[in-house]
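To start, I am sharing the structure in question, which I have written as structure tokens.
The values are calculated or read from the model by the stated rules, or taken from the named source; none is laboratory data. Computed from a predicted structure; not experimentally measured. As a convention, Cβ positions derive from the backbone with ideal geometry for all residues, glycine included, and neighbour counts pool all protein chains shown. These area figures cover heavy atoms from the full protein model, side chains too; ligands, DNA and RNA do not enter into them. Shrake-Rupley method; radii C 1.70, N 1.55, O 1.52, S 1.80 Å.
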Amino acid sequence: KRAVMLEFAAGAGLRVSGSQATFYLWLAAPGGDDLAYAQALLRERVVVSPGRAFGTAGEGWLRLALVPSADGCRAAVEAWSAAIAAGRLPGHG
């Protein structure tokens, strides 16, 4: 699951932090507004947490939990990639 999401993040130009020892990935929110980006992803049926939900240090970051199945992660990547390709979401921070 981690490999699927890290490969996507690298290809989309998303900056990743804290990806080694947890079942979460922290991604820099493109445009810097973690809440707006998380809401836009939710419209694409991809659920992430805005970093600000975890305190002010999380502002500008998205927390992605690696809890879906590998197929679920691939489906999220497909939806997210399609939204970037269609211009509904920016692809890099």
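In the range 18-57, what residues are within 22 Å of residue 72 (Cα to Cα) and among the aliphatic types (A, V, I, L, M)?
21, 25, 27, 28, 29, 38, 40, 41, 42, 46, 47, 48
Taking the range 20-38 only, how many residues are more than 12 Å from the chain's Cα centre (by Cα), within 23 Å of residue 69 (Cα to Cα) and not aliphatic (A, V, I, L, M)?
3
Considering only residues that are of a type in the set (D, E, K, R) and not in a loop (DSSP other than H, G, I, E, B), which ones fall in the range 57-93?
63, 71, 74, 78
Let me ask another. Looking at the range 12-30 only, could you name the residues that are in a loop (DSSP other than H, G, I, E, B), touching a residue at least 12 places away in the same chain (Cβ under 8 Å) and either surrounded by 15 or more Cβ atoms within 10 Å (Cβ to Cβ) or not basic (Lys, Arg) (or both)? Let's see the steps before the verdict.
If we filter the range 12-30 for residues that are in a loop (DSSP other than H, G, I, E, B), which is where we start, we get 13-15, 18-23, 29-30.
The next check asks that each one be touching a residue at least 12 places away in the same chain (Cβ under 8 Å); those that pass are 13-15, 19, 23, 29-30.
13, 14, 19, 23, 29, 30 - these are the residues of the range 12-30 that are in a loop (DSSP other than H, G, I, E, B), touching a residue at least 12 places away in the same chain (Cβ under 8 Å) and either surrounded by 15 or more Cβ atoms within 10 Å (Cβ to Cβ) or not basic (Lys, Arg) (or both).
Would you pick out the residues in the range 50-66 that are open to solvent by 70 Å² or more (accessible area, probe 1.4 Å) and closer than 16 Å to residue 15 by Cβ?
57, 59
Has the range 31-47 got any residue that is open to solvent by 40 Å² or more (accessible area, probe 1.4 Å), at pLDDT below 95 and part of a helix (DSSP H, G or I)?
Scanning the range 31-47 turns up no residue that is open to solvent by 40 Å² or more (accessible area, probe 1.4 Å), at pLDDT below 95 and part of a helix (DSSP H, G or I).
Of the conditions (1) assigned to a helix (DSSP H, G or I); (2) open to solvent by 50 Å² or more (accessible area, probe 1.4 Å); (3) free of Cβ contacts under 8 Å to residues at least 24 places away in the same chain, residue 9 satisfies every one except a single condition; which number is it?
Failing condition for residue 9: (2).
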